[in-house]
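Okay, structure first, notes after.
The values are calculated or read from the model by the stated rules, or taken from the named source; none is laboratory data. All values derive from a computational prediction rather than experimental measurement. FYI the Cβ positions are ideal-geometry reconstructions off the backbone, even for glycines, and counts take in every protein chain you see.
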Amino acid sequence: MGMTFERKLPIPMEVKERYPLSAYGEQIVAKRAEQAKAIFSGKDDRLILVIGPCSADNEDSVIDYISRLRKVQDKVEDKIFIIPRIYTNKPRTTGDGYKGMVHQPNPNENPDMYKGIVAIRELHMRALNETGFSCADEMLYPENYRYLSDILGYVAIGARSVENQQHRLVSSGIDIPVGMKNPTSGDISVMMNSITAAQHKHTFIYRGWEVHSEGNPYAHAILRGYVNKHGQAIPNYHYEDILHLCETYEKSGLQNPAIVIDTNHSNSGKKYLEQIRIAKEVLHSTRHNADIKKMLKGLMIESYIEDGAQKIGEGIYGKSITDPCLGWEKTERLILDLADTL
C-alpha cells in the first residue's frame, strides 16, 4: 500500500471534551464573533487587522506576541479591531518544509498528529484565556476545522484551496467570517465563485456524515496578489484593483460585500518590509472613493517579535521559521499610525 495507517485519531468531539472551553472563553468567542460580523456587515466602521506570525511555531513566543497586541488593542479599540493570527498549518508549494504545529508541535522533532491537534487547541485556548482574543487560523484541511470550531474568531481560505469544493462547502457551514483569497493565478472570478458557494446552502459529506449547511453571509474576498506565467509576483492592492473588485461585487448580488487586503505574499513579493507602505497606500485609496471606503474592511499583516525569518534550528526567539515577518517595533508603530489615519 502507498500509505501506512499509523493510528486512529480521536474525533473532534472527544478532543473538545478532553480540552473544554471555559464558560468565560465561550462568552469571549461569542462577543467577538458578533463584533466581527458587525464590521463585515457595515454596522461597525472599525478596521479589522488580521495580524501575526506567518505560522505559529512556538507556544510561548506566540503568546508573548499576542500579549503585546493586547496592549496595543486597548489603545486603538475605537478605530481598529485586532484578530491575531495563529496559523497552525502551513501550505507548502512543493509539499516540502515545515507544515505547521498541527504536524509538528515541536519543529525540531518528528511529526506527531495527535500531539499537534492537542497543541493547536491548547494554544488557541491559552490566547483566549490570557489575552481575551479569539484568533484567526487558515483552514488548510477542512476535516480538521471541527477541532477548533468553538474557539476561532476568523477563518482564511488560502490561494491554493479557494477552488476546492470541500473548502467551499465547509465554509458555508461556518458561523464566523471566512475570507476567500484570490488564487495564485490572480483570476478573481475563482474567488468570487468561492464566495458565492460559501454564501449558499448545501448538502454534502463531511467527516463521514451527511450534513446540511445554512450558508455563510460573511464569506468575503481577500486580495493577496498573484503570479504571472513567468513566475513574477503581481500585486493587486492598488486603487484600480480594489475599485475593479468593488464593481465586480456590485454586479454579483452577494451579501455583505467586503474586501480584505493581504499586504504580504505576492502583493509584497514577500518583501516583508513593504507591508508598511502597502497598508498605508490601501487606506489612502479609501479616502478617494466612497465604494472602496465602504467595502474595504481590513488588512492582513505578517508580523512577529523579530524582523525577518530564520531556518529551523537557529533558535532565535520570536523569529519566523517560514515567511519573513515584520518585527514588533515596526508592527506597533504601524498599528498606531493606521489608527491615526482612520
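Taking residues in segment 53-69 that are at pLDDT 95 or above, and partners anywhere that are of a type in the set (S, T, N, Q) and part of a helix (DSSP H, G or I), the pairs with Cβ atoms closer than 8 Å and at least 6 places apart or on different chains are Ile63/Thr131; Ile66/Thr131; Ser67/Thr131; Leu69/Thr131. Applying the condition of being out of contact with any strand residue (DSSP E or B) (no Cβ under 9 Å at 6 or more places or on another chain) and of a type in the set (Lys, Arg) to segment 302-334 and asking which residue is surrounded by the most Cβ atoms within 10 Å (Cβ to Cβ) yields Arg333. Close contacts from segment 97-118, counting a first residue that is on the phi > 0 side of the Ramachandran plot and a second that is buried (at least 16 other Cβ atoms within 10 Å of the Cβ) and β-branched (Val, Ile, Thr), with Cβ to Cβ under 9 Å and a gap of 6+ residues or different chains, come to Gly97/Thr322; Gly100/Thr88; Gly100/Ile120; Gly100/Thr322. Scanning segment 298-327 for residues that are over 17 Å from Tyr98 (Cβ atoms) and in a strand (DSSP E or B) turns up Gly298, Leu299, Met300, Ile301, Ser303, Leu326.
Look at (1) within 20 Å of Asp137 (Cα to Cα); (2) surrounded by fewer than 20 Cβ atoms within 10 Å (Cβ to Cβ) and you find that Thr4 fails only one, number (1). Going residue by residue through segment 258-276, is there one that turns out to be among the β-branched types (Val, Ile, Thr), part of a helix (DSSP H, G or I), at negative phi and surrounded by fewer than 22 Cβ atoms within 10 Å (Cβ to Cβ)? For segment 258-276, residues among the β-branched types (Val, Ile, Thr), part of a helix (DSSP H, G or I), at negative phi and surrounded by fewer than 22 Cβ atoms within 10 Å (Cβ to Cβ): present. Within segment 284-342, if we keep just the residues that are closer than 28 Å to Ala219 by Cα and acidic (Asp, Glu), the residue that is nearest to the chain's Cα centre (by Cα) turns out to be Glu302.
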